[in-house]
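Novice: If you scroll down you'll find the structure; I have some questions about it.
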Amino acid sequence: MDEDLEEFPEIVQDPVYATVRSTASYISTDSADDLDWLEHSKLAGGIIKFLYEGSTEEKSHTAYYVRVEEEALIDDLARYMSKVWKKRNPDIILSVISSLSHYKKWKNGQEVEDFQAGLIQAMNSTNMWVLTNGLDGGIAKIVGDAARFERERRIILTSRKKDFYVKLSKRDEVDDLPRLTVMGVVPKLQIDFDASKEGIHDSIISLKKSGIKSEALELNSEHSHFIIMEQNTDLKELENFRLRVEERLLMPIGRGKRYRKMQMFDPTLNAGSIPENLPTISSTCTPMVGLLIQGGPIDIDHVVDLLRRKVPVLVVQGSGQAADLLSFVYFEKVNHTGEDYESYVKTELIKRMMNCFPKDFVDDELARNRCRDIFLECVSLAYQDNGRFLTVLDINADPDGLRNLDKYILMTLFESQVSKQGSRFQEQFQSDLKLTLDWNRPDLAASQIFEKYDWTTIKITPELFDKALLKPGREKFVELFLERETILLHEYINYKKLLDLFNNVANPDFFCQICLEGVLAKSPGMSYPVGKDFVIGRDCDLNYLLYKLTNLENLVSSKDISMNFSGQFVCDKVTAERKALNALIYWSVLTFNPGVTRVLWKKSDQPMVMALVISMIWHNLAIKWSRDLDTKRQLKQAAIEFGKQAVKLLDLSYSDSCLNTIASLDEKFPELNNKTTIKLAHIARNKFFIAHKSCQKWLVQRWHGNLLIREVDYGVFKLPNWLKIYLSVLFIFPMLFWITYEVKEENGIKLTVEEDEDMDLDQMDTQDLMPMKMKWDKSTKGKMKYQMKEMLSYGRQNLKVPIYLQFYYLWSAPITKFYVSQIFYLFYLTLFSYAVIIPSCGDFYIDLVVYFWTAMIWVEIIRKTIIKRKEYKEMKIFWTVLEIVLIGAFLLVIGLLRIVPKFVPFIKYTTAKFVMSLGLLYFYYRLLSVFLPISPVLGPMIINFKAMMKKDFVTWLRMFLIFMFAGGITIQAVLYPNYYPLDESIIMALSRAFFGMFLTKIDDLDSNEKCESFYDNQTKKVCYNAATSFWNRNTSQIRFQPEYASCPYRSFGGYAIVMQYLVITKLILLTLLYALFSVTNAKVQSESEEIWKYQVYSIIVDFETRLRLPAPLNFISYIIMSLEFIFKKVKHFFGWCCKSSCCRRKDALDGRNKLSIVKVCGSVDYSYWKSCMKKLNEETEKTTKEEARPKEQSQRIEQLVTQSKLQKEFNDKMTEQMSNLERQLIVCSLALEQIAHKIDTIDPKARPELETVTNLHMASRQSPYPQTKLQRFPVFDKFVSWEEPYPTYDPVLYTKPVDEYKESVQNLVDPDFIEITERLIMSSQSQAERVSLLSSTGFQVPMWNNSATYVINDTNVEVNRVSWITKDGMPIRYELDSSNMPINPMGRTGLRGRGKLRRWGPNHCVMLVVSRWKRYQSTSQSQQNFITVDGKKVLEVLVVLKRETGEITLPSGKEYGDISLYSAVCRKFLENIFESSNVELNNNMTEQQMVQFFEQFVEPHPGPFTGFTSGQIYKGYMDDPCNTDNAWREAEVWNIHYHVPDNLDLKIKDKEKKWKEVSSYIRLPGNQNLIVQEAARNQGAYF
């Protein structure tokens, strides 16, 4: 039992609400006291084990269950959940409403995945319970599958947690997720339950899932809990029971949650009975939301019950069934409020209900109307108490709606809430805010919570702010809390909180592996979680970590933030808030949380410098300590982003005020070791920041020191600055006219530079970075007299500055040091060059001067390096130290090789010259890094040169060395196989290979006459005779003589090896080197200017730290500095000796009189930078919107496309409905016309005679066409005539294929002329070829309006295409259409082609009306037993029953051409009437022979009268259903009447079915009724 319960551990109380905690809430289920109520509670439960095929009981999936009897109390069920299941109040309950009987599979599988993803996202975010029907099918199965997928994912994550840092100190990443609680409420009768295993609350039931459906349904095994109804019940009772359960779950289960009471600034919100001394308030209600997906009538009952109880419901429109019906009614009410709304909705709703639930309301109108009224009631309950309780999620309009299910659930909940007061307000506010925080919905928190209470200020609890900081992706909440000022950071953070933040980060891998193990070199796996020593003290690990990354000390003072937290402020509140914010920024930076860092940085009142610090930290982590490439890339991108933000802020400030921005670069920040902005930018190595025009102007001012060099234009020529500096240094007098000074006064610095926002580096002198130009009047600027006058006035102003200060400022300016050092360095190189080039041993005294000068340069470099290391720790000194070592080694070597030999000769002078030459090379090359980089022209070029040398040339050289060694050795071995000594051979090989890049030596490929004979004998024997080993060779052999060792050997191999080496080096490698240089130059060119501007700062610092006198005169400065040092020490010693108590008293008194001055930045400065930050945020938001606009447009386009598809489907349906309606109208109109025609023919006496009939054909327009499903194009009476225009007439084309006729008559049927014509038109053959082709295939060209005889299969076939229709007693000639096909002379029929007829045009036949008088008894003896009506005899006729259609028709014989029509009618009469199969008749019968054929059936009778009459009663058009526009029937109708008894009945089978009485009730196709009536009229019979 305990092992099974491990999957559902005890739910720990949320720390947000855990202000009061009691162990009494966890009651053991094993104690006797707790089981007393359970034995009388009518409840029984335990564990269900789901066993699958092939699974064992140990591996079965388990779930809790409880069986509830009918008499059980719902409160006992809640108590059971609390004490047995140990369930605590959920944050929210989601009741999924969808019955299995009305579930339809989702057509779009992606929607199912989106629904599962959205549901799991909500369940992973907060403690949410999901209620379903618990069955293994429908939506409940989809919910269970989602829980299974998530459970499997968690198992995989748990099984793979091998890294120590995946497990946090207080909670595991997976265990921190809420437990998946999916409850099913099911009746016992609906599940496959084994009653024999029923037990008490601790019983275990095993259910086998076989996969075979039975009458009982299966439970879904992925649910965690089941509530089973014990009694036998129907669906309605189950719905009522579930509603009772849900109603109880709205109240707390067990001990309710407790919320920390918040401080409100509105007393009305705190109004209530809660005592002020109680720090918490209890939860009284659990939020619940219903979710309707699909569903049926029973689910609508559930929805309306929830709405009556004011439980909000979310309806998923687009899922189908009841959800779509409810959405339809809801939107109809919202969009239409007229009087016709209810009547329309009721009618339309019933139609849609019958389509959705066709089996639910069969013959039950009351249930249907009740369900309809419930739909309407749901919509009427949508708005209650100023809240909306019904929300519709249209998944068609919002394709991401199901994936964002949590958003709509919260929206549904919030929109149904009403503002509360007092403790209920605090409960609601904290609960709602926690839900939005858990579900990461800052948009809803802002719109549904804070905006609702925007008239008051609310403070949140620190626990909520903890969640916002620690949970991934919650930076929007941090920003929201800080913007709304819901928390004060100095009241939130102390050293404990800071330590907790470090120890509870969501992903500690970065902090542990890079910061702790990488930067601090902590032991892997043992450094996390960090202890108190990490944050406490000035020398704590946190400060050391930040120092390693920023070179800044004591950035975080745990003592200060803790004292400020406790209310004992060590500074003002603004500074305390800034220190707390900076501490949080450092935490987010070190844990690499860019989102939170960005939000916190935006709230900083020092945004520019903090952006530089953040960029610096991440940049150093990426460069020095990050080993993972992805992490390195992310760090670099984040560092670049914040570096750009700092530049943008600087640009915004510069555009606002140039002077203010330049002055701010000198501002020092106490929290950052009193570093200035420009210094922090240099430490951060932000070249774009220093390259900004404001920084460059600041650097120009610093480059000139206190000097302001005046520009004087003499018209024809202009003196450059370097010349002014040299003249002022040498002659002193010119400085009075060309140079003025910035002198620090008592009140500050006197600025003499006017603000010029358009000034940039391009307007400055490109050679020596002169200061900004002073403005002069253009009208007088060029006049020499005016210039001299101004110069004298300028000199008088300079006399106000003491002359010693002028000298001091002049010689202290970096620009002066640069030019003086430059000229002295050039003198040094000149002297050094002269000393090297002097022949022989050189000049000792000149060498001595060079040695001394070099030593002074070396000493000066050492002094500068020490100062830089002390004051500019961020600067790299590796190359400087290397330079010190090299120069020191040079001094040592040159002293031994050049100076000492003057007294003790012991070495060659050439060696000394070589060493001095190397030194001279180095000092010449040193110009590239010391003096030339200051030039804006040469500086970027040198940067490009360095990049090409460091990257491209080194890479290329490594590749070239391979080919050089390989090519040199092989060439030497092939061309000079006997060359020795070996060391000279190697040197020769390598030198040849190296110089092969520049010189092409190929003269030794061809041997000479002397050497050709030497290589005649090359056998191995020659080699072995000379020596078996090279080291023991016989030098007396000729091949080892010096004159033959240098003989080249000519061979094909020599050519091949030399050629391949030259091709590789000259064509490939050199070209590759040029290409690499070109690419690097193009790449660096874009940034070389920024890099040069960044390096200007280092150059200025370098010359600022130099002595005023250059080498070798700097020894004077060292003497003076030594004397000053000695003087200070002596003074200090005497001062210490002469101290007395009186002096001490005086010093103490003076100390008390001194004032302590602390400089604090004013709020104006912070407000200014906040305003700049606000502008930057606005620009960033604008840029973000612009970047997101394509995505938004794409989403809108997708939505428009989706909506257009839906609209298209709707339009298609509407068009289809309109088409159906139009067709129905046409059918109705045609039916009305037919009814009118029928009404006209009801009275037989009123029917016209056959010869005078002018009625339009009706049967020829009937649909469908016989033996097909083809519908004719509708033709009304007025459009039957071809003379009546019918523009929309588009008849269907149909011609029955010839192969579908009987095989015996297929050769006698006309082919499809239209198809043949179209094929001929589409073919590329000529007319003659077409005719020849048709003739060869036996095709006969029809002869319209003519009769012709053809020979088919050696048989003469007569084809009569002459119409029998007459007009005014004359036969007509039918017309032909555009395709040369005959046109039905009686008008349109709605169908083109031959149809099922045998001929195009008229199809002739002979039709018979075989009649006799109807008798009472059909005997030949009785003559007077005729039936009479109104004194007239009754006529009866023979008819034929068509098997294919079931209709009756007069007997007839069709024309095929092989026999006469009279023979055909007689043959058909025998086959159809007598049903004779073997009939032998004359194929060429005439009319008389046909009459004689029928006369033979007369019975003998007395008298001369034969008792038999015959005659033709009609010849013309037949209104037949088979007629088309191009083929129609024509008939010659004969009336064969038997006046006396006949013997037909003796031969007719089923005579009762074949004799039909002629009356008004007889129904024959087409105009056959008229034909029969005409026969009756001729015989004087009744009809």
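Novice: From L489, L482, which residue is touching a residue at least 24 places away in the same chain (Cβ under 8 Å) and open to solvent by 20 Å² or more (accessible area, probe 1.4 Å)?
Specialist: Details: L489 fails: open to solvent by 20 Å² or more (accessible area, probe 1.4 Å).
Exactly one residue qualifies, and that residue is L482.
Novice: Just to be sure before I move on: is K1302 assigned to a helix (DSSP H, G or I) and either within 25 Å of H1237 (Cβ to Cβ) or out of contact with any Asp or Glu (no Cβ under 8 Å at 6 or more places or on another chain) (or both) in the structure I sent? So that I can check it myself, show each step before the final result.
Specialist: On the way: assigned to a helix (DSSP H, G or I): no; either within 25 Å of H1237 (Cβ to Cβ) or out of contact with any Asp or Glu (no Cβ under 8 Å at 6 or more places or on another chain) (or both): yes.
Spelling it out, it is not the case that K1302 is assigned to a helix (DSSP H, G or I) and either within 25 Å of H1237 (Cβ to Cβ) or out of contact with any Asp or Glu (no Cβ under 8 Å at 6 or more places or on another chain) (or both).
For (1) of a type in the set (F, W, Y); (2) over 30 Å from I942 (Cα atoms), each residue gets a yes or a no:
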position	(1), (2)
C1047	no, yes
S1086	no, no
S1098	no, no
L1109	no, no
F1125	yes, yes
F1133	yes, yes
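Novice: If you take the residues in segment 1076-1114 that are buried (at least 17 other Cβ atoms within 10 Å of the Cβ) and not in a helix (DSSP H, G or I), which one is farthest from the chain's Cα centre (by Cα)?
Specialist: P1112
Novice: Also, I was wondering about something else. Scan segment 64-120 for residues that are assigned to a loop (DSSP other than H, G, I, E, B) and polar (S, T, N, Q) and report the count. Quick ask: steps written out before the conclusion?
Specialist: Applying the first criterion (assigned to a loop (DSSP other than H, G, I, E, B)) to segment 64-120 yields 69-73, 84-91, 98-108.
Cutting the leftovers down to polar (S, T, N, Q) gives us 89, 98-99, 101, 108.
Count: 5.
Novice: If you don't mind, there's one more thing I want to ask. Which condition does P936 not pass, out of (1) in a helix (DSSP H, G or I); (2) surrounded by 15 or more Cβ atoms within 10 Å (Cβ to Cβ); (3) not hydroxyl-bearing (S, T, Y), if it passes all the others?
Specialist: (1)
Novice: Within segment 552-568, can you find the residues that are outside any helix (DSSP H, G or I) and open to solvent by less than 50 Å² (accessible area, probe 1.4 Å)? Give the steps one after another, and end with the answer.
Specialist: As a first pass, look at segment 552-568 and keep what is outside any helix (DSSP H, G or I): 552-557, 566-568.
If the condition is that a residue be outside any helix (DSSP H, G or I) and open to solvent by less than 50 Å² (accessible area, probe 1.4 Å), then L552, N554, L555, V556, S557, G567 are the ones that fit.
Novice: Can you find a residue that is of a type outside the set (F, W, Y), open to solvent by 80 Å² or more (accessible area, probe 1.4 Å), within 14 Å of N1526 (Cα to Cα) and at pLDDT 90 or above anywhere in segment 1372-1382? So that I can check it myself, show each step before the final result.
Specialist: Keep residues of segment 1372-1382 that are of a type outside the set (F, W, Y), which gives 1372-1373, 1375-1382.
From the residues that got through so far, the ones that are open to solvent by 80 Å² or more (accessible area, probe 1.4 Å) too are 1373, 1375, 1378, 1380.
Add one more test, that the residue is within 14 Å of N1526 (Cα to Cα), and what stays is 1373, 1375, 1378, 1380.
Still in the running and at pLDDT 90 or above: 1373, 1375.
The answer is yes, given that some residue of segment 1372-1382 is of a type outside the set (F, W, Y), open to solvent by 80 Å² or more (accessible area, probe 1.4 Å), within 14 Å of N1526 (Cα to Cα) and at pLDDT 90 or above.
Novice: Please work out which residue is surrounded by the most Cβ atoms within 10 Å (Cβ to Cβ), limiting yourself to segment 312-344 and to residues that are modelled with pLDDT of 85 or more, in a helix (DSSP H, G or I) and among the hydrophobic types (A, V, I, L, M, F, W, C).
Specialist: Going through the qualifying residues, I end up with A322.
Novice: Checking F642 against (1) touching a Ser or Thr at 6+ places or on another chain (Cβ under 7 Å); (2) at pLDDT below 90, only one condition comes out false. Which one?
Specialist: F642 satisfies every listed condition except (2).
Novice: Going by the conditions given, is G967 in contact with a helix residue (DSSP H, G or I) (Cβ under 9 Å, 6 or more places away or on another chain), at pLDDT 85 or above, open to solvent by less than 80 Å² (accessible area, probe 1.4 Å) and under 18 Å from I1064 (Cα atoms)?
Specialist: Working: in contact with a helix residue (DSSP H, G or I) (Cβ under 9 Å, 6 or more places away or on another chain): yes; at pLDDT 85 or above: yes; open to solvent by less than 80 Å² (accessible area, probe 1.4 Å): yes; under 18 Å from I1064 (Cα atoms): yes.
Yes; evaluated as a whole, the condition is true for this residue.
Novice: Here is a follow-up. When segment 841-867 is examined, which residues are found to be of a type outside the set (A, V, I, L, M, F, W, C) and in a helix (DSSP H, G or I)? Talk me through it step by step, then tell me what you get.
Specialist: Looking only at segment 841-867, we keep the residues that are of a type outside the set (A, V, I, L, M, F, W, C), and these are 842-843, 845, 847, 851, 854, 860, 863-865.
Residues satisfying the conditions are Y845, D847, Y851, T854, E860, R863, K864, T865.
Novice: Now, a different point. Could you please find all residues in segment 1541-1562 being in a loop (DSSP other than H, G, I, E, B), open to solvent by 40 Å² or more (accessible area, probe 1.4 Å) and in contact (Cβ under 8 Å) with a residue 60 or more places away in the chain? Break it down stepwise before answering.
Specialist: Within segment 1541-1562, the subset in a loop (DSSP other than H, G, I, E, B) is 1541, 1543, 1547-1550, 1558-1562.
From what's left, open to solvent by 40 Å² or more (accessible area, probe 1.4 Å): 1547, 1549-1550, 1561.
Hits for segment 1541-1562 are K1547, K1549.
Novice: The conditions are (1) more than 19 Å from V313 (Cα to Cα); (2) open to solvent by 20 Å² or more (accessible area, probe 1.4 Å); (3) modelled with pLDDT of 85 or more, and N133 fails exactly one of them. Which is it?
Specialist: Looking at each condition in turn, N133 falls short on (1).
Novice: I've got another one for you. R1247 passes all but one of (1) modelled with pLDDT under 70; (2) surrounded by 12 or more Cβ atoms within 10 Å (Cβ to Cβ); (3) charged (D, E, K, R); (4) under 30 Å from V609 (Cα atoms); which number fails?
Specialist: That leaves (4) as the condition not met.
Novice: In the list Y1094, Y1074, which residue meets the criterion of being in contact (Cβ under 8 Å) with a residue 40 or more places away in the chain and out of contact with any strand residue (DSSP E or B) (no Cβ under 8 Å at 6 or more places or on another chain)?
Specialist: Y1094
Novice: In segment 388-410, what residues are touching a Lys or Arg at 6+ places or on another chain (Cβ under 9 Å) and either at pLDDT 90 or above or more than 16 Å from F115 (Cα to Cα) (or both)?
Specialist: F389 - this is the single residue of segment 388-410 that is touching a Lys or Arg at 6+ places or on another chain (Cβ under 9 Å) and either at pLDDT 90 or above or more than 16 Å from F115 (Cα to Cα) (or both).
Novice: Any residue at all in segment 1518-1540 that is farther than 27 Å from R1443 by Cα and open to solvent by 20 Å² or more (accessible area, probe 1.4 Å)? Before the answer, list the steps.
Specialist: Here is the first cut: in segment 1518-1540, the residues farther than 27 Å from R1443 by Cα are 1538-1540.
Going one step further and asking which of them are open to solvent by 20 Å² or more (accessible area, probe 1.4 Å), we end up with 1539.
Yes, there is a match, as at least one residue in segment 1518-1540 is farther than 27 Å from R1443 by Cα and open to solvent by 20 Å² or more (accessible area, probe 1.4 Å).
Novice: Still on this structure: Which one of the conditions (1) under 35 Å from the mean Cα position of the chain (by Cα); (2) open to solvent by 100 Å² or more (accessible area, probe 1.4 Å); (3) modelled with pLDDT of 80 or more does E1186 fail to meet, given that it meets all the rest?
Specialist: (2)
Rundown of residues vs (1) farther than 30 Å from V1063 by Cβ; (2) open to solvent by 70 Å² or more (accessible area, probe 1.4 Å); (3) at pLDDT 80 or above; (4) in a helix (DSSP H, G or I), yes/no style:
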{"site": "P940", "(1), (2), (3), (4)": "yes, no, yes, yes"}
{"site": "F960", "(1), (2), (3), (4)": "no, no, yes, yes"}
{"site": "A973", "(1), (2), (3), (4)": "no, no, yes, yes"}
{"site": "P977", "(1), (2), (3), (4)": "no, no, no, no"}
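Novice: Please count how many residues of segment 532-544 are assigned to a helix (DSSP H, G or I) and buried (at least 22 other Cβ atoms within 10 Å of the Cβ). I'd like the intermediate steps shown before the answer.
Specialist: Pass one, segment 532-544, residues assigned to a helix (DSSP H, G or I): 532-534, 541-544.
Within this subset, residues satisfying the condition of being buried (at least 22 other Cβ atoms within 10 Å of the Cβ) are 534, 542.
Within segment 532-544, residues that are assigned to a helix (DSSP H, G or I) and buried (at least 22 other Cβ atoms within 10 Å of the Cβ) number 2.
Novice: Could you figure out which of (1) of a type outside the set (D, E); (2) assigned to a loop (DSSP other than H, G, I, E, B); (3) over 30 Å from L1270 (Cα atoms) isn't true of T1524?
Specialist: (3)
Novice: Next question, about the same structure. Out of the residues in segment 345-367 that are closer than 20 Å to Y103 by Cβ and assigned to a helix (DSSP H, G or I), state the one that is most open to solvent (accessible area, probe 1.4 Å).
Specialist: N355
Novice: When only residues in segment 605-647 that are among the small types (G, A, S) and buried (at least 21 other Cβ atoms within 10 Å of the Cβ) count, which is farthest from T661 (Cα to Cα)? Spell out how you get there, then give the answer.
Specialist: As a first pass, look at segment 605-647 and keep what is among the small types (G, A, S): 611, 615, 622, 626, 638-639, 643, 646.
From what is left, the residues that are buried (at least 21 other Cβ atoms within 10 Å of the Cβ) are 611, 615, 626, 638-639, 643, 646.
On the way: A611: 16, S615: 21, S626: 35, A638: 25, A639: 23, G643: 17, A646: 13 Å.
The residue in question is S626.
Novice: Return the only residue of R424, R474 being charged (D, E, K, R) and at pLDDT 85 or above.
Specialist: Numbers: R424 fails: at pLDDT 85 or above.
Of R424, R474, the one residue that is charged (D, E, K, R) and at pLDDT 85 or above is R474.
Yes or no, residue by residue, for (1) polar (S, T, N, Q); (2) under 25 Å from R308 (Cα atoms):
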| position | (1), (2) |
| --- | --- |
| P358 | no, no |
| D363 | no, no |
| Y383 | no, yes |
| R388 | no, yes |
| L393 | no, yes |
| N440 | yes, no |
| L444 | no, no |
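Novice: Would it be correct to say that G518 is within 20 Å of I614 (Cα to Cα), out of contact with any strand residue (DSSP E or B) (no Cβ under 6 Å at 6 or more places or on another chain) and open to solvent by less than 40 Å² (accessible area, probe 1.4 Å)?
Specialist: Details: within 20 Å of I614 (Cα to Cα): yes; out of contact with any strand residue (DSSP E or B) (no Cβ under 6 Å at 6 or more places or on another chain): yes; open to solvent by less than 40 Å² (accessible area, probe 1.4 Å): yes.
In short, yes.
The values are calculated or read from the model by the stated rules, or taken from the named source; none is laboratory data. Worth saying up front: this structure is predicted, and the values here are computed from it rather than measured. Virtual Cβ from ideal backbone geometry, glycine too; neighbours counted across all protein chains shown. Calculation scope for accessible area: heavy atoms of the full protein, side chains included, ligands and nucleic acids excluded. Shrake-Rupley method; radii C 1.70, N 1.55, O 1.52, S 1.80 Å.
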